[in-house]
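What follows is a short report on a single structure.
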Amino acid sequence: MSTLKFVSWNINSVRIRLHLIEQLVMAEDPDIICLQETKVRDSQFPHEAFEGMGYKYRILNGQPMHHGVAIVSRVPLTEDRRHDWQDNGEARHIGVRLPSGLLLENVYIPAGGDVPDREENPKFGQKLDFYERMTKWSETLDTPTIMMGDFNIAPLESDVWSHKQLLKVVSHTPIEVDTMKRLQDAHGWVDVGRLMIPAPERLYTWWSYRAKDWTKGDRGRRLDHVWVSPELRSKIRAHRVLEPARSWEKPSDHIPLITEMEV
DNA sequence: ATGGTTGTGGAACAA
C-alpha cells in the first residue's frame with residue numbers, strides 16, 4: 001500500500017509561472033501535478049523543466065492561446081483519454097490510469113461568461129451543457145476514480161465570501177449549484193475538500209486579480225475541487241489548500257490543492 | 001463604485 005501526493009492547480013500559463021511550480025515542488029514534493037489553463041500548444045510545452053524536477057511522465061492536452069490541461073507525474077501514467085464535454089474542440093480534459101489501476105481525471109470546466117442566462121450569454125449555456133455531459137459520463141463509471149480541477153462553481157455558502165452578494169454572479173447561482181449537485185449525485189462523488197475541511201469553515205481556492213490587495217476583504221471563492229469515487233473515501237489521508245501561494249511572485253489567481261491518498 | 005487585472009500574441013478574447 002502506498003500513498004501518493006496529488007496537486008491540482010490552475011496555473012494561468014505554465015510557461016510564465018514555471019518559477020511557481022518549482023517553488024511548489026520544493027515545498028511539497030508532489031508525486032503528480034494536474035495543471036489547468038496551461039495556455040500553451042503541446043509542441044511548446046516546457047518539457048525540460050518538468051523532466052529536471054523528476055516528472056518523467058507527462059500527458060498533455062493543450063491548444064494555442066487559451067485553456068489547456070496537463071498531468072505530470074513521477075509514477076507511470078497509462079492511457080490518454082480526452083473528453084470534449086463542450087463539443088467545441090476546446091482542450092479542457094485529460095484522463096489517465098495510475099499503476100494501481102485507479103483512474104485520474106483532470107478537468108477545466110468553462111467559466112461561463114459574465115451573464116447567468118442561456119439566451120443572453122451562450123457561454124453560460126455551454127457551461128451547463130458541459131456539466132450535463134459530465135453527468136452522463138459519471139453514470140457509466142465503473143472504476144475507482146479521483147477527479148480534480150477547476151470546476152468554476154463554488155457550491156456552498158461558506159465557499160464564497162458573500163453568499164448573498166454572489167447569488168446572481170456566475171459561479172454561485174442556484175442553477176449552477178443544482179447542476180453541479182446532479183453531477184455529484186450521478187456517481188456519488190465525494191467532495192474531498194469538505195470531507196476534510198467541513199462547512200461552514202471558510203475554504204477558498206481563487207481570488208480575483210481585479211483587486212489591488214487580494215487579502216483586503218478576502219473576497220475568495222472555492223472554484224477548484226477534488227472529488228473521489230465513494231469507495232475511495234476511506235483512502236484519503238490528507239487534503240489542504242496552499243493559500244500563501246496567492247502571494248508568491250507573479251501569482252496565479254488560483255492556489256494549489258494538495259491531496260494525499262492511498263492507492 | 002457596475003470598475004478593476006492578467007495572459008496570449010500581437011487584436012481580441014477568455015477568465
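The values are calculated or read from the model by the stated rules, or taken from the named source; none is laboratory data. Here the structure is a predicted model, which is why all the values come from computation and not from measurement. Quick reminder, even Gly has a Cβ in these numbers, built from the backbone with ideal geometry, and neighbours come from all protein chains shown. Heads up: the accessible areas ignore ligands, DNA and RNA and are worked out on the full protein's heavy atoms, side chains in. Shrake-Rupley method; radii C 1.70, N 1.55, O 1.52, S 1.80 Å.
Data for the structure
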{"read-out": "Residue A:57 long-range amide H proximity, modeled H, under 5 Å", "value": "A:73"}
{"read-out": "Spin-label model distance (nm) - residue A:178 vs residue A:201, 7 Å beyond Cα toward Cβ", "value": "3.2"}
{"read-out": "For region A:166-263: rounded, prolate or oblate by the Cα gyration tensor [a/c cutoff 1.5]", "value": "oblate"}
{"read-out": "Pairs of Cα atoms farther than 17 Å apart, region A:1-43, %", "value": "34"}
{"read-out": "For chain A, calculated [θ]222 nm from helices alone, where every DSSP H run of n ≥ 4 adds -39500 (n - 2.57)", "value": "-6500 deg cm²/dmol"}
{"read-out": "Top of A:244, A:110, A:30 by mean-square fluctuation, Gaussian network on chain A, Cα under 10 Å", "value": "A:244"}
{"read-out": "Under 12 Å, Cβ to Cβ, from residue A:29 - net charge with Lys/Arg +1 and Asp/Glu -1", "value": "-2"}
{"read-out": "Region A:48-86 residues near the modelled residue A:143 label - backbone nitrogen below 13 Å, point 7 Å along Cα→Cβ", "value": "A:77-82"}
{"read-out": "Highest average packing first - A:127-140, A:250-263, A:4-17, Cβ atoms within 10 Å", "value": "A:4-17, A:250-263, A:127-140"}
{"read-out": "Within-10-Å neighbourhood charge of residue A:194 [Cβ basis; K, R +1; D, E -1]", "value": "-2"}
{"read-out": "Ordering of A:167-176, A:80-89, A:141-150 by packing [mean C-beta count within 10 Å, highest first]", "value": "A:141-150, A:167-176, A:80-89"}
{"read-out": "Scattering curve values for chain A, log₁₀ I(q)/I(0), Debye with Cα scatterers, q = 0.08, 0.14, 0.17 Å⁻¹", "value": "-0.28, -0.95, -1.50"}
{"read-out": "Karplus-derived HN-Hα couplings along region A:103-108 (A = 6.51, B = -1.76, C = 1.60, θ = phi - 60°), whole Hz, x at Gly and Pro", "value": "9, 10, 10, 10, 10, 10"}
{"read-out": "Cut-off 17 Å, label 7 Å out along Cα→Cβ of residue A:47, residues of region A:96-116 by amide N", "value": "none"}
{"read-out": "Sulfur and carbon atoms: percent of accessible area, chain A [1.4 Å]", "value": "50"}
{"read-out": "Gained length - residue A:28 relative to residue A:260, 0.36 nm times residue gap less alpha-carbon distance", "value": "82.4 nm"}
{"read-out": "Mean Cβ neighbour count within 10 Å, used as a protection proxy, ranking A:177-188, A:207-218 highest first", "value": "A:177-188, A:207-218"}
{"read-out": "Net charge, residue A:128 excluded, C-beta distance under 14 Å - Lys, Arg +1, Asp, Glu -1", "value": "-1"}
